[in-house]
Amino acid sequence: MADTNTTDRLPPAVRTEALESLLTERGLVKSEVLDGFINRFVNDVGPMNGAKVVAKAWTDPDYRQHLLADGTGAIKELGFAGPQGEHIVVVENSDDVHNVVVCTLCSCYPWPVLGLPPEWYKDPAYRSRMVREPRTLLSEMGLDLDDDVEVRVWDSSAENRYLVLPQRPEGTDDLSEEELAALVTRDAMVGVAKVGAT
Amino acid sequence: MSLTLDIEGPAAPPRLNGELVFDEPWEGRSFAMAAALAEGGHFSWDEFRDHLIAAIARWEADPSGEYRYYERWQEALESIVAEREIVAGPEMDELAAAYAARPPGHDHGENDHHHHDHDHS
């Protein structure tokens, strides 16, 4: 680690420790506050927020309209807001269109609804290949799409974060909103998977 | 900038369909420092993002070793605090070097005057 491309670069663990000491000295961070951030993102904010948004859209047509027209506002209505959630655009899958999200430059991701991005989302290979050859990559990730389905790749930016509204699986008419939410996965909301009925 | 996250609490396990958010404790510290400084108005998330993009681009221009996202994150954080004259690079390097030179099993807080007692978990 220390002998990567930057010469004399010390292991990140001591660098973060040193930076935390210096920032603490200056009164800019507090250990408890950092613990709070970490705790919040590890334990509280995760893809279940997004799953609730999706389940509500599946069961409430008015909400769905609102969500597609004003993602940020409709998401905030359910109480989910925060950093990286200022401009969330919701894109809807259909029989003819499949949406998938990437951030080619770094790792922009809608934190308030999906938590922090998984490892593969931040990977250079995902970031470049999802733009170049989305069908192939999706297939490698386990999602085979019919040739007549149009794939739309959304590149996140400082202006927009994207959330995919997956298709509601068949045979779920009797399920409650809560039961539906339990079916929705993070991967489906990034667009690298579909929602299954089980 | 609002960092308010009105969530209903741990309604469901966020790892339900995800892996651990942070592989190592330092990754969480680095993440949280950026979040705390952004919340404190020392820079905006967009400004941090520019530094993160640059740090990732530097690695991709000359890749060596395994790509580790949070190393790039930490590099971005160091560059933005240096740019904003919050913590100068040499001071940061010096203290990190001092920490790296500690013998194994070092006793925190005894030898390094900079050190503040915080949880290393």
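Once the Cα-Cα distance is subtracted from the 0.36 nm per residue extended length, the A:ASP147 to A:ALA197 segment shows a gain of 15.7 nm. Residue-wise HN-Hα couplings along the range A:98-112, as the Karplus relation 6.51 cos²θ - 1.76 cosθ + 1.60 with θ = phi - 60° gives them from phi, are 10, 9, 9, 10, 8, 10, 5, 8, 8, 7, 4, 6, x, 3, x Hz; Gly and Pro carry x. Scanning chain A for GluC sites (Glu not before Pro) lying in DSSP loops with no more than 14 further Cβ atoms inside 10 Å, the longest uninterrupted stretch between such sites is A:1-158. Extension gain, A:LYS30 to A:SER139: 0.36 nm times the residue separation minus the Cα-Cα distance gives 34.7 nm.
Phi-derived couplings, Karplus 6.51 cos²θ - 1.76 cosθ + 1.60 at θ = phi - 60°, listed residue by residue for the range B:58-75: 4, 5, 5, 6, 8, x, 8, x, 7, 6, 10, 3, 6, 5, 5, 4, 5, 4 Hz, with x used for Gly and Pro. Across all directions, the average projected area of the convex hull around the alpha carbons of chain A is 13.7 nm². Comparing A:GLY27, A:GLY85, A:GLY46 in a Gaussian network model of chain A, where Cα atoms under 10 Å apart are tied by springs, the biggest mean-square fluctuation is seen for A:GLY27.
When chain A is treated as a Gaussian network with alpha carbon springs shorter than 10 Å, the biggest mean-square fluctuation among A:ALA188, A:ALA69, A:ALA18 belongs to A:ALA18.
With a simple spin-label model that places each label point 7 Å from the Cα along the Cα-to-Cβ direction, the separation between A:ASN39 and A:GLU179 comes to 3.6 nm. For the range A:75-150, the Cβ-based charge dipole about the Cα centre amounts to some 600 debye (Lys, Arg positive; Asp, Glu negative; other atoms uncharged). Amide hydrogen proximity for A:VAL89: with H placed 1.01 Å from N in the peptide plane, the residues at 5 or more positions away or on another chain lying under 5 Å are A:ARG161, A:TYR162, A:LEU163.
Under 5 Å between amide hydrogens, built in the peptide plane, is the criterion, and for A:ALA81 it picks out B:ASP6 among residues at least 5 positions away or on other chains. Would you please state which residues of the range A:68-111 a label at A:ASP62 would reach in this model, taking the label point 7 Å out along Cα→Cβ and a backbone N cut-off of under 20 Å? Under cut-off, by backbone N: A:68-80. Shape of the range B:46-101 from the C-alpha gyration tensor: oblate (a/c of 1.5 or more and a/b not above b/c, with a ≥ b ≥ c the square roots of its eigenvalues).
Residues whose amide H comes within less than 5 Å of that of A:ARG152, counting only those at least five positions distant or on another chain, are A:HIS98, A:ASN99, A:VAL100 (H built at 1.01 Å from N in the peptide plane).
Using Cβ point charges alone (K and R +1, D and E -1), the dipole size of the range A:46-190 about the Cα centre works out to roughly 760 debye. Unpaired cysteine residues in chain A (no second Cys Cβ under 4.7 Å): A:CYS106.
Only protein heavy atoms count here; under a 1.4 Å probe, A:ILE38 has an accessible surface of about 30 Å². Each stretch of four or more DSSP H residues adds -39500 (n - 2.57); spread over every residue of chain A, this sum gives -12000 deg cm²/dmol at 222 nm. Centre-to-centre, using Cα atoms only, the range A:106-134 and the range B:62-81 are separated by 17 Å.
The values are calculated or read from the model by the stated rules, or taken from the named source; none is laboratory data. Everything numeric here is computed off the predicted structure, so don't read it as measured data. Please note: Cβ atoms are built from the backbone with ideal geometry, for glycine as well, and neighbour counts cover all protein chains shown. We work out accessible area using only protein heavy atoms, side chains counted, and drop any ligands, DNA or RNA first. Shrake-Rupley method; radii C 1.70, N 1.55, O 1.52, S 1.80 Å.
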